[in-house]
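I'd like to ask some things about the structure below.
Every number in this text was worked out from the coordinates using simple rules, so none of it is lab data. The shown structure was predicted, so the numbers you read here are calculated from the model rather than taken from an experiment. Cβ coordinates were reconstructed from backbone atoms using ideal geometry, including for glycine residues, and neighbour counts include every protein chain displayed.
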Amino acid sequence: MKNADCFINEKDYPDLKYDRAVRNLQSAIRFRTVNHLDTGLTDYSQFDALHAFLRSSYPLLALNARWEKIGHSLLICLNGSDETLLPALFMAHQDVVPVVEGTEKNWVHGPFSGDLEDGFIWGRGAMDIKQMLIAEMESAEYLLSKGCLPRRGIYFAFGEDEETCSRGAMAIVERLEKEGVRFEYVLDEGAGDVTDAEDWGAPGTHICTVGMYEKGYADLKISASSRGGHSSNPFYGTSLGALADAIHTITHSMPPARMSDSLCASLKLLAPSITQSPMREWARDIGSHENEILQWFSGRESLYHLVKTTAAPTMISPGAPAGNVMPQDMWAVINFRLIPSDTPERLMERFSAAAGKSVSLSWQQQISASVPSDLNSYGYGELVGTLEHYFDGLRFIPAQNKGATDARHYEGLSRCVMRFGPFLEEEDISREGIHGTNERISVRAFAQGVRVLTRLMERTCFI
Ligand SMILES: [Zn+2]
């Protein structure tokens, strides 16, 4: 099944200027807003030019909203007439990842060409995530053109460095916190993976994920020291041996799988479509079969990461220079992706007890999982309702977001922080293009995303 086969109600908003939206996305792609961790390498004039372009392209937003530059990030605030309603926040980021040197020649159209050909808009940012930034602007401009101001306030936050360090998002959040702003809901990029639910026991049912939280990230450094010397006398063992033991012990003493609220809600939603036993029976009575369900999920490549903190040994320092020399100081790194119930503190306690005294453990970096958003919130209900209006035959399930986004920093400002880019491009095209080569989006998927955002904004803010 192609994602585009699910598109329905494509005739909504016939007076919305889709051609203009496409042209504006083409123009936005042409600004080379590549951000580098070493900010000395970043050409900020490209960001300034993008800001000027947005202001001139969306005159009603320029007139009615407050535009504020924080660093090179952009915060736009359109006040609502009803101050008792918390505003909504629509997010995207302005920056794009660089084009890998040497791959330019593999692009059918230049990575910053913004070309429109064969029904596609081509270039960096077409899928990640200038299409969302432009679609959000188009939706608001269109709704303002109807002559009304929103009842619920609408904010837009466009960070400058989501792909590197999210300092822009942190600065915006600091400003919003100072002003005491809270949001009814927040929508940022993310999730949107469409798959057949075969592994859930529901073959033929197509699910699409809405990101409601992000897993944590941690790098554990394991250090070992030994005397070294000639390998003919390994009486006290070697540091490489100690590391190997510790890696084995730690990866075999992981905390047990856990059922999350998202997973529970997804199973309940899918239960009527699950045809395969025994999941069919289990999903109808989750409380009595939690262990069996967790075992089922833990044993499948596409599902285990939903219920478990994962451990991947990724680095080890070079050992001795020759086969007959015992190494002295060595270290290794295990990378973890944490589910919300496993905090770095609890993991460290567990691993220290398991690994014993022959090695020392320390976090190189550690970020807990984010706070899962409220599945009963108004924003989530409205988003799913809107998605069901535009995508036929897809079951939208709450899930963890695969990667990290700027959205995580806004979790203190709302109990509903959703990650979902409503641009359901075909999977092979997304996979090739996002952070890769030939990034592009079909005009059809882009226009459908514009409709989703317009309807969501209309139903929740222009009420
Ligand atoms: Zn992105």
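So, in Å, what gap is there between the alpha-carbon centers of the stretch 122-190 and the stretch 1-57?
Comparing the Cα centres of the stretch 122-190 and the stretch 1-57, I get a distance of 12 Å.
Can you tell which of Phe183, Leu25, Ser226 lies farthest toward the positive end of the dipole of the chain, using +1 and -1 charges on the Cβ of basic and acidic side chains (Lys, Arg; Asp, Glu)?
Ser226
Counting only other residues whose beta carbon sits under 14 Å from that of Gly356, what net charge do I get with K and R as +1, D and E as -1? Walk me through the numbers before you get to the answer.
Details: positive: Arg350, Lys357; negative: Asp245, Glu349.
Its environment carries a net charge of 0.
Relative to the first principal axis of the alpha-carbon coordinates of the chain, what is the inclination of helix 130-144, with its axis defined by its Cα atoms, in degrees from 0 to 90 and to the nearest 10?
30 degrees
Roughly how tilted is helix 261-270, in degrees to the nearest 10 and between 0 and 90, from the longest Cα axis of the chain?
The answer is roughly 60 degrees.
What is the Cα centroid distance between the stretch 267-321 and the stretch 408-463, reported in whole angstrom?
27 Å
Restricting to DSSP H runs of at least four residues, report the calculated mean residue ellipticity at 222 nm for the chain, -39500 (n - 2.57) per run over all residues, nearest 500 deg cm²/dmol. Walk me through the intermediate numbers first.
Numbers: 14 runs with 154 residues, N = 463.
The helix contribution divided over the chain gives -10000 deg cm²/dmol.
Further, regarding this structure: Among the lysines, select those whose C-alpha is under 26 Å from the C-alpha of Lys178, and discard any that sit fewer than 8 residues away in the same chain.
Output for Lys178: Lys69.
Among the aspartates and glutamates, which have Cα under 18 Å from the Cα of Lys17 when same-chain residues fewer than 8 positions away are ignored?
Glu136, Glu138, Glu141, Glu458
Further question: Below 8 Å between Cα atoms, with a sequence gap of 6+, how large is the relative contact order for the stretch 229-357 in percent?
On the way: 125 pairs, mean separation 45.1, N = 129.
Relative contact order comes out at 35 percent.
Dipole size in debye (nearest 20) for the stretch 1-157 around its Cα centre, Lys and Arg Cβ +1, Asp and Glu Cβ -1? Intermediate values should be presented prior to the final figure.
On the way: 16 positive and 21 negative charges, 71 e Å.
Dipole size: approximately 340 debye.
Now for a separate question. Which whole-number percentage describes the relative contact order of the stretch 285-421, with Cα contacts under 8 Å and a sequence gap of 6 or more?
Reported relative contact order: 17 percent.
Further question on the same structure: Which is the longest run of the chain containing none of the chymotrypsin sites (Phe, Trp or Tyr not before Pro) found in DSSP loop states (not H, G, I, E, B) with at most 13 other C-beta atoms within 10 Å? Numbers along the way, then the final one.
On the way: sites that count: Phe235, Tyr236.
Maximal segment without exposed cleavage sites: 1-234.
While we're on this one: Quick check for me: using +1 on Lys/Arg Cβ and -1 on Asp/Glu Cβ, what's the dipole size of the stretch 215-367 about its Cα centre, in debye to the nearest 20? Write out the running numbers ahead of the final one.
Numbers: 13 positive and 12 negative charges, 19 e Å.
It works out to roughly 100 debye.
Mind checking the dipole of the chain: about its Cα centre, +1 per Lys or Arg Cβ, -1 per Asp or Glu Cβ, Debye to the nearest 20?
Magnitude of the dipole: close to 580 debye.
State the answer as a single residue: which of Leu361, Leu54, Ile441 lies farthest towards the positive end of the charge dipole of the chain, with beta carbon charges of +1 for Lys and Arg and -1 for Asp and Glu, about the Cα centre.
Leu361
Let me ask you something else. Please list, or write none, the lysines whose alpha carbon is within less than 17 Å of the alpha carbon of Lys308, excluding same-chain residues fewer than 8 places away.
By straight Cα distance, Lys308 reaches Lys215, Lys402.
Evaluate the relative contact order of the chain (contact order divided by residue number), counting alpha-carbon pairs under 8 angstrom at least 6 apart; express in whole percent. If you can, show how the numbers build up before the last one.
Working: 935 pairs, mean separation 117.7, N = 463.
So the answer I get is 25 percent.
Let me ask something additional. What is the Cα convex hull volume of the chain when expressed per residue in Å³?
Convex hull volume per residue, Cα atoms: 175 Å³.
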